[in-house]
Amino acid sequence: MRTARKLFLAPFGGNSYQTHDLQAAAWLRLTFTFAAAGLLASCAAAPALHTASAPKCQRVHVRTTAYCKREGTSRNAVGEYLSGRIVRSAASDWSRFPIGTRFRVVGTTEEYIIDDYGAALIGTNTIDLYKTSMLAMQQWGVRHVDIDILQWGSDAQSVKVLTPRARNKGVRKMLLALNKKKPADRQL
């Protein structure tokens, strides 16, 4: 009781240093509260402005597997080295996800670009993600995930790359599916 009484009476009595310290602390709390409220208000408004001008991503649910260069070549379908850096390589059926399609795996910061294809992927909704090591590939395994399509690739570019390889049965299947697409369905 005695301690509570001293705390209650401190702003009104006591020495002037205690009163000044309490007033400074109150002003500091008040200043901090207004600064935090202003920061929160500005953060809340910023994404609304940003998302209004940015194009919306299309979310797709896919089955993913992983591969690494130990399983085959270290180059993609267009002859460039597979990328495991900022934008990573991925393989798919190009009639479903054309070459150049950029996407992000939801819940991660991993961004990929379709620059390869594989026989096992043709006719499926599976995307094979390039991993830089056998361990990373094994840790990924098979996962069903959502991806955000950041930019659709080009069906025309897919046809251009695949046409010289039309002797391959899988490539012929992709070309046939690409040629059956209506012009409105094509991503150019």
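Data table
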quantity: Environment charge at I122 (Cβ cut-off 11 Å; Lys +1, Arg +1, Asp -1, Glu -1); calculated: +3
quantity: Distance (nanometres) between label positions extended 7 Å along Cα→Cβ at V106 and A136; calculated: 2.4 nm
quantity: Tail weight of P(r) past 20 Å, computed on alpha-carbon pairs of the stretch 58-185, percent; calculated: 39 percent
quantity: Separation in nanometres of the label points that stand 7 Å from Cα toward Cβ, at R165 and D148; calculated: 3.0 nm
quantity: Furthest towards positive pole of dipole, G123, I113, A136, structure part the stretch 113-156, Cβ charges; calculated: A136
quantity: Charge context of I86, other residues only, Cβ under 13 angstrom, K/R +1, D/E -1; calculated: +2
quantity: Separation of the Q157 and Y81 label points, Cα + 7 Å toward Cβ, nm; calculated: 2.1 nm
quantity: Rg in Å to one decimal, and Dmax rounded to a whole Å, for the stretch 124-179 via C-alpha atoms; calculated: 14.7, 39
quantity: Amide H partners (placed H, <5 Å) of Q151, local residues excluded; calculated: R102
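Each value in this text was obtained by applying a stated rule to the coordinates, not by laboratory testing. From a predicted model like this one, the values you see are computed outputs, not experimental measurements. Here the Cβ is made from the backbone with ideal geometry for all residues, glycine too, and neighbour counts use every protein chain on show.
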